[in-house]
Amino acid sequence: MSFLTSLGYFLLDVGIALIPFVIVLWVYKLIVQGRYRGSGVSLDRELSAAENPAVNLLMVGLLFGLMLAFRGMAFPEELPLKDRILQIALYSAVVIALQLVAQVLTDKIILRRFNDVKQVFGQQNTSVACVKAAIAIATGQMVAAATGGNVHLLGQALIWFVVGQAALVLLSVFYQWITPYDIQKELEKKNLAAGFGFSGMVIAGGIVVSRAISGGKTTDWGAELLSVAMFVLAIALVALIMRFLFDWIVLPKVSLNREIAEQRNVGVGLIEAAAFILPAMYIVNVI
């Protein structure tokens, strides 16, 4: 009987924990629908009837980004239910707003040379959708790290959000510098191999910036910003080294750049993404 009682309380706790998250997912979808409806497209139609894989990929990335941001939400056990609900609502509103702002910044700065709505919804461009999904995932990681599980630090999180987005922009510029082909043109040409490689760089950037951001209240902004700069520099150097090693060791008889830009080798693009993400995960665990 005691086991069944414990199981019952456990399932009750799980249900209570899921209720606000399900509500937030529903609200988030409505907001995303509203945003794209203003551009003359229907999210529901593209997800179902049109069978647009680019939209499905984008939506999955947005939902993953939202879920990762929720990892930062934590409340004391003794917090009254009413206060907990209010803080969940506040945290959710800020997270959703930051994810939407990150997507707008991506469109205006990182993918500024073409219209992302036309590419994803009209052209069914999975390469562009992949990059936008990666931005959402990286943003979710950084928002969770910035709040440190404390909803009272949302003001501080806004500052770290700006810092994190700036870091992603710098890394995108650096990625273009280390690749001889024009990444924007390749994305526009629906080169999924290029989209995977670029997305790997973005996600790796989100991982290392999240590690650099303090998990609690920031008291020394100079030291914190220096830490972020050092981690961003570290992932940039890792990207440069891994690209060289990839050509030298993994693909000694072919050119990495040729496989991605000319052959559009999706497998090579995936391995390049892994070559960025896996070292980033290693760095944050040993430094």
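Per-residue Karplus couplings for the stretch 276-285, computed as 6.51 cos²θ - 1.76 cosθ + 1.60 with θ equal to phi - 60°, are listed in order as 8, 6, 4, x, 5, 5, 5, 4, 5, 8 Hz, Gly and Pro entered as x.
Do any of Lys29/Lys189; Lys29/Lys82; Lys29/Lys217; Lys118/Lys190; Lys118/Lys185; Lys29/Lys132 go past 23 Å between their Cα atoms, and which? Cα-Cα > 23 Å for Lys29/Lys189; Lys29/Lys82; Lys29/Lys217; rest within. Extension gain for Lys118-Ala229 works out to 36.5 nm (0.36 nm per residue, less the C-alpha to C-alpha distance). Counting alpha carbon pairs within less than 8 Å and at least 6 residues apart, what relative contact order, in whole percent, applies to the chain? Taking the mean separation of contacting Cα pairs over the length of the chain, I get 19 percent. For the listed peptides 206-213, 62-69, 239-246, a ranking on the average number of other beta carbons within 10 Å per residue, highest first, reads 206-213, 62-69, 239-246. The tail of the calculated P(r) for the stretch 18-69, taken as Cα-Cα distances beyond 11 Å, holds 71 percent of the pairs.
For the stretch 138-203, trypsin sites (Lys or Arg not before Pro) are listed when DSSP marks them as loop and at most 16 other Cβ atoms sit within 10 Å of their Cβ; the list is Lys189. Here the gap between Leu100 and Glu262, fully extended at 0.36 nm per residue and compared with their Cα-Cα distance, gives a gain of 55.0 nm. Taking all Cα-Cα distances within the chain, those exceeding 28 Å account for 42%. Note that the stretch 110-220, at 10 °C in a medium of 1.306 mPa s, gets a Stokes-Einstein diffusion coefficient of 108 µm²/s from its Kirkwood radius over C-alpha pairs. Using only DSSP helix segments of four residues or longer, with each worth -39500 (n - 2.57), what per-residue ellipticity at 222 nm results for the chain after dividing by its residue count and rounding to 500? Taking each H run of at least 4 residues, the total per residue is -25000 deg cm²/dmol.
All of the numbers you see were taken from the coordinates with simple rules; none came from a lab. Note that the structure is a prediction, hence the values are computed from the model and not measured. Glycine gets a Cβ as well: all are built from the backbone with ideal geometry, and neighbour counts include every protein chain shown.
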